[in-house]
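The values are calculated or read from the model by the stated rules, or taken from the named source; none is laboratory data. Since we're looking at a predicted model, the values are computed, not measured. Cβ placement follows ideal geometry from the backbone for every residue including glycine, while neighbour counts extend to all protein chains displayed. Remember, those area values only see protein heavy atoms, side chains included, never the ligands or the DNA or RNA. Shrake-Rupley method; radii C 1.70, N 1.55, O 1.52, S 1.80 Å.
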Amino acid sequence: DDHFLVIEAAQAWVDGVIVPGRPIAPGVEIIPDGHSMFYMGLHFLLFKLLQLVNITDPLFKMLIVRNIQAAASVYSVWLVYKITEKISTQKDAVLAGLLMASIWFLPMLSVRNLVEEFCIPFTLAGIWCLINADLKKYPFVMYLISGLILGLSISVRFQLIVLVGGIGLVLLIQRQWLPVIMVGIGTIISILLLQGVVDYYIWGQPFAEFIEYYESNLQVAYDYITGPWYNYLLLLAGI
């Protein structure tokens, strides 16, 4: 996933070797494969910009990519600290920030091109805007921005629709009507633009990638090893 779904695909698009939604040979057409175009599209724009300034060395280009990923990871550590400080104490915030920065697999994976990692800063930033909206003069604007950012996290990794839905459920239970409405509107706008408009432009069908992701996962749902119900609890305990 690190290379073939992001880096190679984006560079191939820049090179014109593979252009999504266009025939590459008689009778052969690239079709949606169930991966959001947002994350790969960001790399396409980056590689296109580097091409315009005549930066073509693959190693140097990847150094730039890794540093961008690292910066996003460090930003995530800061967000974890600030969120924890807001809802708890500074002592807890320091501990949370240290854990976020030091758990071995997070720094290692955060510089890889994995949607599982790159979605984290968007998720945290959306939550940060949500819990700080009450400090602003126009809180509804912050709620809307929170929704827009949370929508970006879904466009990076589709599974986060469950997390964002959970946030909305909590707001509903707490009867926070303004936040749930504005966050919902922001999320919908973000998804409509990135999954509706973009997919329609590329594939001629809105939400083409999400539909393909859903249908392909239904087909292979039972092709993987299915462990007992407590497997995930063991994983968390091990971590």
Selected from TYR213, TYR224, TYR201 as most flexible by GNM, with the chain as the system and alpha-carbon contacts under 10 Å: TYR224
Span-like helix ranges in the chain, DSSP H, alpha carbon extent 27 angstrom or more, Kyte mean at least 0.5: 58-87
Within-13-Å neighbourhood charge of MET62 [Cβ basis; K, R +1; D, E -1]: 0
Alpha carbon centroid spacing (whole Å) that separates segment 59-110 from segment 201-239: 26 Å
Selected from ASP134, ASP223, ASP92 as most flexible by GNM, with the chain as the system and alpha-carbon contacts under 10 Å: ASP223
Charge dipole magnitude, Cβ of K and R +1, D and E -1 - segment 32-107, Cα centre, debye nearest 20: 140 debye
Selection from ASN217, PHE105, ILE127, by position along the positive dipole direction of segment 102-239 (Cβ): ILE127
Dipole of the chain, positive direction: furthest Cα of ASN231, TYR75, SER36, with charges on the beta-carbon: TYR75
Value in Å of the Kirkwood radius, where segment 15-145 supplies the Cα pairs that are averaged: 17.7 Å
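Going by the alpha-carbon gyration tensor, a ≥ b ≥ c the square roots of its eigenvalues, is segment 86-239 rounded (a/c under 1.5) or, if a/c is not under 1.5, prolate (a/b greater than b/c) versus oblate?
Oblate is the answer for segment 86-239, as a/c is 1.5 or above yet b/c matches or exceeds a/b.
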Top positive-direction residue, dipole computed over the chain with Cβ charges, set LEU46, LEU148, HIS3: LEU148
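Please give me the summed charge of the neighbours of LYS48: other residues whose Cβ is under 12 Å from its Cβ, Lys and Arg +1, Asp and Glu -1.
Neighbour charge sum, excluding LYS48 itself: 0.
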nm² value of the averaged projected area, convex hull over the Cα atoms of segment 100-141: 3.8 nm²
Lys, Arg +1 and Asp, Glu -1 on Cβ, resulting dipole of the chain about Cα centre, debye, nearest 20: 980 debye
Prolate/oblate/rounded label for segment 159-239 (Cα gyration tensor, a/c 1.5): oblate
Within-12-Å neighbourhood charge of VAL94 [Cβ basis; K, R +1; D, E -1]: 0
Cα shape, segment 141-186, gyration tensor, a/c 1.5 rule: oblate
Label-to-label distance, nm, for residues given as LEU59 and LEU172 (7 Å Cα→Cβ offset): 5.4 nm
Where trypsin sites (Lys or Arg not before Pro) fall in DSSP loop in segment 115-215, at most 14 other Cβ within 10 Å: LYS136, LYS137, ARG175
Solvent-accessible area per residue, Å², over segment 149-231 with all protein chains present [probe radius 1.4 Å]: 64 Å²
Protection proxy ranking, peptides 162-174, 14-26, average beta carbon neighbours within 10 Å, highest first: 162-174, 14-26
Area accessible to solvent at ASP57, 1.4 Å probe radius, in Å²: 80 Å²
